[in-house]
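What follows is a single structure, written as structure tokens, with notes after it.
Rule-based calculations on the coordinates, nothing more; no lab input. As the structure is a computational prediction, the values presented were derived from the model and not from experiment. Backbone-built Cβ (ideal geometry, glycine too); neighbour counts: all protein chains shown.
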Amino acid sequence: MFKILIINGPNINMLGKREKDIYGGHTLQEIQDSTKKVLSEYIDHLEIEWFQSNIEGEIINEIQKASSNNKLNGLVINPAAYTHTSVGIHDALKLMKVPVCEVHLSNTFQREDFRKERITSRSVNFALEGLGKNAYINGVLALWINREN
Ligand code: DQA
């Protein structure tokens with residue numbers, strides 16, 4: 001079993017409605033469905049759990065819970081706007097004993113200057129930018145390809 005938790009931060013539940021020119025027209029549910037379908041072609045016995053919250057403390061609680069879940073093989077996280085502001089999420093991610101891959105649908109390096117500060121990225125193993133709706137597929141594959149056993 002390869003068990004992955006995918007955490008999404010604020011406004012990711014609004015995909016399909018928000019800034020479609022930047023994030024594309026797919027809803028989070030559609031992205032979840034295609035992520036599962038595509039990954040099943042590459043990884044046997046994959047189990048993905050999805051969590052989304054607009055609330056910083058709830059994301060921290062979920063990371064803390066994940067850090068003591070010894071069934072988990074890795075964490076994919078899109079902290080969304082909290083990437084650029086949250087010392088709390090940064091500190092919680094330091095608790096993780098399994099690899100963490102941060103993903104962003106957009107390429108934040110090509111965007112506003114306030115997105116250049118990447119607080120949460122400092123406590124992850126891998127970081128992927130600009131892969132749009134395939135961000136989560138690539139995040140899970142990065143964890144799979146770089147797994148230790
Ligand atoms: C994002 C990039 C962030 O800067 C932004 O605040 C988001 C989404 C992305 O997936 O491209 O909400 O994390």
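The figures follow:
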quantity: Residues of the stretch 92-119 satisfying the condition of being near the ligand (Cβ under 10 Å from one of its atoms) and buried (at least 17 other Cβ atoms within 10 Å of the Cβ); calculated: 102, 103, 104, 105, 106, 108, 118
quantity: Yes/no for residue 35 being within 15 Å of the ligand (Cβ to nearest atom) and either free of Cβ contacts under 8 Å to residues at least 12 places away in the same chain or within 13 Å of the chain's Cα centre (by Cα) (or both); calculated: yes
quantity: Subset of the stretch 99-149 [closer than 13 Å to residue 81 by Cβ and among the hydroxyl-bearing types (Ser, Thr, Tyr)]; calculated: 106, 108, 120
quantity: Selection status of residue 58, under 14 Å from the mean Cα position of the chain (by Cα) and surrounded by 12 or more Cβ atoms within 10 Å (Cβ to Cβ); calculated: no
quantity: Residue tally, condition surrounded by 14 or more Cβ atoms within 10 Å (Cβ to Cβ) and away from the ligand (no atom under 14 Å from the Cβ), over the stretch 1-26; calculated: 4
quantity: Residue ID - farthest from the ligand (Cβ to nearest atom), chosen from residues in the stretch 74-91 that are within 9 Å of residue 102 (Cα to Cα) and part of a strand (DSSP E or B); calculated: 75
quantity: Per-region count, the stretch 106-129, residues of a type outside the set (Phe, Trp, Tyr), part of a helix (DSSP H, G or I) and free of Cβ contacts under 8 Å to residues at least 24 places away in the same chain; calculated: 2
